Amino acid sequence: MTTRELAQQATAVENGNPVPSDLPQGHGLIIGITGPPGAGKSTLTTALVTEIRRRDKTVAVVAVDPSSQASGGALLGDRIRMQRHHDDHGVFIRSMATRGAVGGLARTSAALARLFRGAGFDFILIETVGAGQDEIDIAAAADATLVVIVPGMGDDVQAIKAGMMEIADIFVINKADRPGVEQTASEMEAMLSLTPEDDRPPVFRTIATNGTGVSELMDVLIHLAPRPRSIPGPQWQADHLGIAVRSLAESLPFYTDQLGMKLLARETVEHEKVNVVMLSAGTSRVELLEPTSPDSPIARFIEKRGPGLHHAAMRVDDLPATIRRLELGGARILSEPRRGAGGHLYVFVHPASAGGVLWEIIQDSYSAPHTN
Ligand code: ZN
């Protein structure tokens, strides 16, 4: 793939298109770089790029630039400094505005990282803006996450403890020539002493502006292995088949009279413009869908493909977590979760992500608020 082709594909991914499915898995290591604003994440990223190239490895960078004018200046300076790599084919830098990512920052960053890994880069660095849900989601998609802090953060070490502790594989105290570095280091040490020694993240000191400590950090990164991708998934349970019919009056007797299925519920879902009949089919169910209006999605489906199997449905125990997981994997979710008349929560996954089948994913009892 040429640099130009890669740039075009990256733009397509940013615009919400899926990562090409014929792309090889790749061997590259995806590293998230996160931490509070002002910690020097961009400078550290730049220093890592230089160090990676010094070792004859290739690197792609996904940099998330805050769209706000206020904090953009310093990052821009680093971006320009990074441009000295611009004619180097072993370096590919993608800067993404926070407001620009169609389908969410975490999803887009993760998708770009997969694209770059598939394109064969040895390292993929994802540099994030700050510390929040996006960063936690990006960490979930990365092989390792660096949490960058600076001396003199005071109470902020507590804030890191709250949000970043779980996702940090390595801590970096950057700007380690600043006063207060010893205090920050001992605060970190005290904080980390609470975690079992085996999964205690190492703490590095760097001065990214002149490269101090970066080689030592790289010595560790270069020996990390990609995390296995087969993370245990949610509990799946086949739930029902959704069948589009022109007329319930005509279709229902086959199911009730001939097959002897029990009618569980009958309802009208206004926002979908559809009459729904739910039938018991052993441990599973059959759902008949009749359009109430010609502009109903079901009416359009019947017009295009005729009546018949419309979707298949799976039930999970934690829908928000399932959605995040699917999105990070590159699947397209068709809408925010909606509540069905039966009180259950549901979303649809685009058929393009699922072998041509429209999948409905539902959660029967809903307890946690969806925060995305
Ligand atoms: Zn359904």
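The values are calculated or read from the model by the stated rules, or taken from the named source; none is laboratory data. On a predicted model such as this, the values are computed, not experimentally measured, just so you know. Note that each Cβ is placed from the backbone with ideal geometry, even for glycine, and that neighbours are counted across all protein chains shown. Only protein heavy atoms, including side chains, enter the accessible area calculation; ligands, DNA and RNA are left aside. Shrake-Rupley method; radii C 1.70, N 1.55, O 1.52, S 1.80 Å.
Based on the mean of other Cβ atoms within 10 Å per residue, sort peptides 110-119, 174-183 so the most packed one is first.
Listed from highest to lowest mean packing, they are 110-119, 174-183.
Excluding residue 236 itself, what net charge comes from residues whose Cβ is under 15 Å from its Cβ, given Lys and Arg +1 and Asp and Glu -1? Provide the component values of the computation, followed by the final result.
Details: positive: 315, 325; negative: 239, 317, 318, 360, 364.
Summing Lys/Arg as +1 and Asp/Glu as -1 gives -3.
Going from most exposed to least, what order do 311, 344 have by accessible area with a 1.4 Å probe?
Per-residue accessible area, sorted high to low, gives 344, 311.
Show me the ranking of peptides 353-359, 191-197, 57-63 by mean Cβ neighbours inside 10 Å, starting with the highest.
Ranked from most to least packed, the peptides come out as 57-63, 353-359, 191-197.
Which net charge results when you count Lys and Arg as +1 and Asp and Glu as -1 among the other residues whose beta-carbon is under 15 Å from that of residue 263? Each step should come with its number before you reach the end.
Numbers: positive: 262, 266, 285; negative: 257, 267, 287, 290.
Charge balance near residue 263 sits at -1.
Residues with beta-carbon under 15 Å from that of residue 248, excluding residue 248: net charge, scoring Lys, Arg +1 and Asp, Glu -1?
With Lys, Arg at +1 and Asp, Glu at -1, the net is -3.
Express the Stokes-Einstein translational diffusion coefficient of the stretch 237-363 in µm² s⁻¹, to the nearest whole number, given a Kirkwood radius over alpha-carbon pairs, 4 °C and a viscosity of 1.567 mPa s.
Approximately 86 µm²/s, per Stokes-Einstein.
Could you pull out the chymotrypsin sites (Phe, Trp or Tyr not before Pro) across the stretch 223-328 that fall in loop regions by DSSP (anything but H, G, I, E, B) with no more than 14 other Cβ atoms inside 10 Å?
Filter output for the stretch 223-328: 236.
For residue 314, tell me the accessible area in Å² from a 1.4 Å probe, rounded to the nearest 10.
50
Cα to Cα, under 27 Å, and not fewer than 8 places away if on the same chain: which lysines meet these conditions relative to residue 262?
273
What are the ³J(HN,Hα) couplings of the stretch 255-269, residue after residue, when phi is run through the Karplus curve with 6.51, -1.76, 1.60 and θ = phi - 60°? Round to Hz, x for glycine and proline.
With coefficients 6.51, -1.76 and 1.60, one gets 6, 7, 7, 7, 7, x, 6, 8, 6, 8, 7, 9, 8, 10, 9 Hz.
Give me the percent of the accessible area of the stretch 237-363 that comes from carbon and sulfur atoms, probe 1.4 Å, all protein chains in place.
51
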